[in-house]
Amino acid sequence: MEVARFQPSFATTRHQAKPLMRILAKGTTLATIGDDRVAAYKAKRRGERARRGNSPRKGRASVQMDRLISNATVNRELELLRRVMNTARKDWKLAVGEVDWQRHLLEESEGNTRWMTPDQVDKVLAESPPHLKPPLIAAICTGLRSQNIMRLDWREIDLGGRTITVRVKSRKPGGKLLVVPIAQPLMIELANIGPKDAGRVFLYRGRPIKTDMRRAFLTACNKAKIGEGWTWHDLRHTAASWMVQRKVPIRVVQQILGHSDIRLTMRYAHVGDDSLTQAVEIIGTALVGTPVAHPRERDLKKA
């Protein structure tokens, strides 16, 4: 509370702290946390199932999923504990336990870059309720994260200049400003909604959307029969993948997505990249005229 509440990532930190407080138990001192306690936490956490959703509506809580907690989730929680212990030792001059953190970090997957085809997006839009279509189109056309889409305010939109200016998460205090041009499909949606001087852009029954559109989005995906396991964040992957497929320079894609590190954007570099195919074709041309390139005579007779 002394440090994280002033950071843009406070909500994430608070969420990650809940399992730490629950499993390590109230009253645990930092001085008693060593490799054994961290190992026990890791083992306990890896055996728990992931949960989805956290609706503020009364009687609506998160729902248990069919998969276990990911290694990345466990690592983020351990890294939070490490930051707390480092702060306690360096800034507060408190006694803390000795932990070999690198020993406990788990191997993570390279990350999901699943994206939809234009045909799949059309099917989802056809099955979407009226309040879902505008934010969905905004997500596809801008590549912005869910939080920026749901909290988009008319003050952040310049229809004359055809730009959207939002603050995105960054290591800098308060985040950094990101300016994204408005594509024509999104321009039409904003015009149909009816521009205002201020206030939330996307509403549900005349009120600002307090939660994300995850449930409505999943329902539309299921009705569209485009496969399972889609997430709202896949729309961000879709925007990035479509740009790369259409030969938008990777540095431009990085700027639009607001990535501070080009390595994050490079995950999409393989999408629509013909260089690998061309490279293998070159190998094939080296075999022209050799027995490998032609079927044997006896094989032809058998055929």
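The values are calculated or read from the model by the stated rules, or taken from the named source; none is laboratory data. From a predicted model like this one, the values you see are computed outputs, not experimental measurements. So basically every Cβ, Gly included, is an ideal-geometry build from the backbone, and we count neighbours across all protein chains shown.
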(request) Scan region 1-22 and report the pairs whose first residue is part of a loop (DSSP other than H, G, I, E, B) and whose second residue is surrounded by fewer than 14 Cβ atoms within 10 Å (Cβ to Cβ), with Cβ atoms within less than 7 Å and a gap of 6+ or a chain change. (result) 8/174
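For a quick check of your reading: which helices (runs of 4 or more DSSP H) sit entirely within region 199-303 and have at least 2 residues that are buried (at least 16 other Cβ atoms within 10 Å of the Cβ), of a type in the set (A, V, I, L, M, F, W, C) and at pLDDT below 70? Steps first, answer last, please.
Values: elements: 214-224, 234-245, 250-257, 262-265, 275-285, 297-302.
Fully inside region 199-303 and qualifying: nothing.
Could you identify the single residue in 175, 143 that is within 21 Å of the chain's Cα centre (by Cα), at pLDDT below 90 and on the phi > 0 side of the Ramachandran plot? Full working, then the answer.
Numbers: 143 fails: at pLDDT below 90.
Every option except 175 fails the conditions.
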(message) Cβ-Cβ distance below 7 Å, separation of 6 or more or different chains: which pairs start in region 257-272 with a residue that is on the phi < 0 side of the Ramachandran plot and end on one that is surrounded by 13 or more Cβ atoms within 10 Å (Cβ to Cβ) and at pLDDT below 85?
(response) 257/265; 259/265; 260/170; 267/113; 268/113
(message) Against the conditions (1) loosely packed, with under 13 Cβ neighbours inside 10 Å; (2) modelled with pLDDT of 95 or more; (3) of a type in the set (Val, Ile, Thr), where does residue 63 fall short? Just the number, please.
(response) (2)
(request) Quickly run through region 114-126 and pick out the residues that are assigned to a helix (DSSP H, G or I) and either surrounded by 17 or more Cβ atoms within 10 Å (Cβ to Cβ) or among the polar types (S, T, N, Q) (or both). (result) 120, 121, 123, 124
(message) Filter region 142-164 down to the residues that are in contact (Cβ under 8 Å) with a residue 40 or more places away in the chain and more than 21 Å from residue 208 (Cβ to Cβ) and list them by number.
(response) 143
(request) Report, by residue number, each residue of region 78-105 that is in a loop (DSSP other than H, G, I, E, B) and out of contact with any helix residue (DSSP H, G or I) (no Cβ under 7 Å at 6 or more places or on another chain). (result) 91, 92, 93, 98
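Which of the residues belonging to region 70-85 are within 12 Å of residue 33 (Cβ to Cβ) and without any contact (Cβ under 8 Å) to a residue 40 or more places away in the chain? Write out each step before concluding.
Our first condition is that a residue be within 12 Å of residue 33 (Cβ to Cβ); within region 70-85, this holds for 78, 81-82, 84-85.
Scanning region 70-85 gives a single hit, 82.
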(message) Given (1) in contact with a His (Cβ under 6 Å, 6 or more places away or on another chain); (2) over 20 Å from residue 76 (Cα atoms); (3) surrounded by fewer than 19 Cβ atoms within 10 Å (Cβ to Cβ), identify the lone condition not met by residue 94.
(response) (1)
